[in-house]
Amino acid sequence: MALLGCMVLAGCMPMAAQNVTATPETGVTPNTLLLYRADLIPGKETAYEQLEVEIVQGYASAKIPIYWTALQSVTSTSHVLYFDGFDNFADIERSGADLAQGLDAHPEIGTLQQKLADLVATTRTVLAFRRDDLGYRLNKIDLAKANFVRVSIFQFRAGFEEEFAEAVRTRARMYETNDVDTPWMIYQVHSGFALPTYIEFQPMNSLSEIDDALDRNAKARRPGGSLAAQKWIREADLSIDIQIYRVSQSMSHLSALNAARGGAKHDSASTARARKYTLLAQP
């Protein structure tokens, strides 16, 4: 439903966002994200998961070439964050057309999705594009192996975008100097939030990586920080929301492992695009 709603938006994106391109250093991180958060009605968590599993099976049986990864909240109120990666905003529009065609041919899936919506209290859809200059060791990120994802949302008053970007670059230089191997990818939100918003993702294989990251971060952190940095943070009214998510394989519609690794050469172009950045089922 979020994807269909973005079909019109995708045609209105500025060229600066549509022209985001990959570099040899970006590994397999997607250029463009569609994030859909569903906050569940209390007490409906089990029913939601069971219904979503049925929907996933429906998509798989109908061979609808739309794929998503479901992230279940671990550290916040019960909600699911859906993670969809694309090459660009135009691919979102093309995938929306594939979705509409698939649901027209299989209306029973649409009925299930409406039942799923009845278990949701609120939703939010966000479109964002990757900022290559703000990522750190992107080539070390392997989305296919992630079991958990640490998501940090940074929001601040308009006019402080460059100060934020420079703070992230300074952090990356500090980590590089100390050889801190904690990669991250940062996306700038195009639409979905009223304030300037940046979202940082740190995929993890296990929660124990948080302990390792805290230890390495402490070694790299400079005591106190500069007065200039503290000043802009106060003036910008910077807020940071950090959450941990578990990758739910059962609620994710994932491409087949062999298809994602090269066995999809006979698939349509739209299918190949959709599969490119989808998290893979664990062996």
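The values are calculated or read from the model by the stated rules, or taken from the named source; none is laboratory data. It should be emphasised that the depicted structure is a prediction, and the values quoted were computed from it without experimental measurement. Heads up: the accessible areas ignore ligands, DNA and RNA and are worked out on the full protein's heavy atoms, side chains in. Shrake-Rupley method; radii C 1.70, N 1.55, O 1.52, S 1.80 Å.
Brief remarks on what is shown
- Amide hydrogen proximity for residue 146: with H placed 1.01 Å from N in the peptide plane, no residue at 5 or more positions away or on another chain lies under 5 Å.
- Residue separation of residue 114 and residue 76 scaled by 0.36 nm, minus their Cα-Cα distance, works out to 11.2 nm of gained length.
- Amide H to amide H, with H built 1.01 Å from N, residue 121 comes under 5 Å of 39, 40, 41, counting only residues 5 or more places away or on other chains.
- Segment 35-130 shape via C-alpha gyration tensor axes, a/c threshold 1.5: oblate
- For segment 89-200: rounded, prolate or oblate by the Cα gyration tensor [a/c cutoff 1.5]: prolate
- Extension gain (nm, one decimal) between residue 208 and residue 230, 0.36 nm per residue minus Cα-Cα: 4.9 nm
- Rounded to the nearest whole Hz, the Karplus-based 3J(HN,Hα) values (6.51 cos²θ - 1.76 cosθ + 1.60, θ = phi - 60°) of segment 194-204 follow the sequence 6, 8, x, 9, 10, 10, 9, 10, 10, x, 9, with x at glycine and proline.
- Counting only protein heavy atoms and a 1.4 Å probe, segment 57-157 has 42 square angstrom of accessible area per residue.
- Relative to the current alpha-carbon distance between residue 62 and residue 100, full extension at 0.36 nm per residue lengthens the span by 12.4 nm.
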